[in-house]
Amino acid sequence: MKEKKIFKPCDLVIYGALGDLSKRKLLISLYRLENANFIEPDTRIIGVDLHDIKSTGFVEMAHKSLKEFLNDDIDDVVWKRFSARLSYLKIDLTQMDQYQQLNSVIDQKSRIMVNYFAVSPFLFKNICQGLDKSGVLTENSRMVMEKPIGHDLKSSKEINDVVASVFSENQVYRIDHYISVALCQFYFHHQLESQYH
């Protein structure tokens, strides 16, 4: 029986792509999904961060992270396929005008845009407002953020209010930071898949 592909073609945009969460968890999980043949061929992974490292620098960083945190050998064939998905945009997340760059790389017609907020919650408002102002979002866009959201009830409500001003509730996915990587993979991608049916 042919394995079911969980991931539909999409543009996965990781904000904070050079940060610890991306290096230690997201890129590792995505590589494992690639290794399991669970990512559709046309899916792209777009890293967004402040530093000017170009796409080649992002690919090099991803490879270094896999060597350090994968706890397994990197398969050359899988890596070649995975690295071909990777690209990078230099965006200062506090500067609203810089989000316009996304319009030049996001394929709004044939892909779902999945926005993964791998940054401190204090930047969520900036990202939401920047995305909204850029016009890159559509009704098919998705947003993923990790819990805990904020440092107390008040800050959590403030963040959720900001998110709700840009994304509808059925576009938002909140993932528990403390669940296992395997469960996180299943939960995240199963949730996204369900939106296509």
Test result for I127, touching a strand residue (DSSP E or B) at 6+ places or on another chain (Cβ under 8 Å) and among the β-branched types (V, I, T): yes
Cβ pairs under 9 Å, 6+ apart, first in the stretch 65-93 and acidic (D, E), second assigned to a loop (DSSP other than H, G, I, E, B) and modelled with pLDDT of 95 or more: D92/L50
Failed criterion for F167 (all others in (1) in contact with a helix residue (DSSP H, G or I) (Cβ under 7 Å, 6 or more places away or on another chain); (2) closer than 26 Å to S29 by Cα; (3) modelled with pLDDT of 90 or more hold): (1)
Count of the stretch 26-80 residues which are in contact with a Lys or Arg (Cβ under 9 Å, 6 or more places away or on another chain), closer than 19 Å to A118 by Cβ and part of a helix (DSSP H, G or I): 8
Contacts under 6 angstrom Cβ, first residue in the stretch 155-181 being closer than 21 Å to V136 by Cα and assigned to a helix (DSSP H, G or I), partner among the basic types (K, R) and modelled with pLDDT of 90 or more, 6 or more apart: V162/K125; Q171/R142
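The values are calculated or read from the model by the stated rules, or taken from the named source; none is laboratory data. None of these values were measured; they are calculated from a predicted model. Quick reminder, even Gly has a Cβ in these numbers, built from the backbone with ideal geometry, and neighbours come from all protein chains shown.
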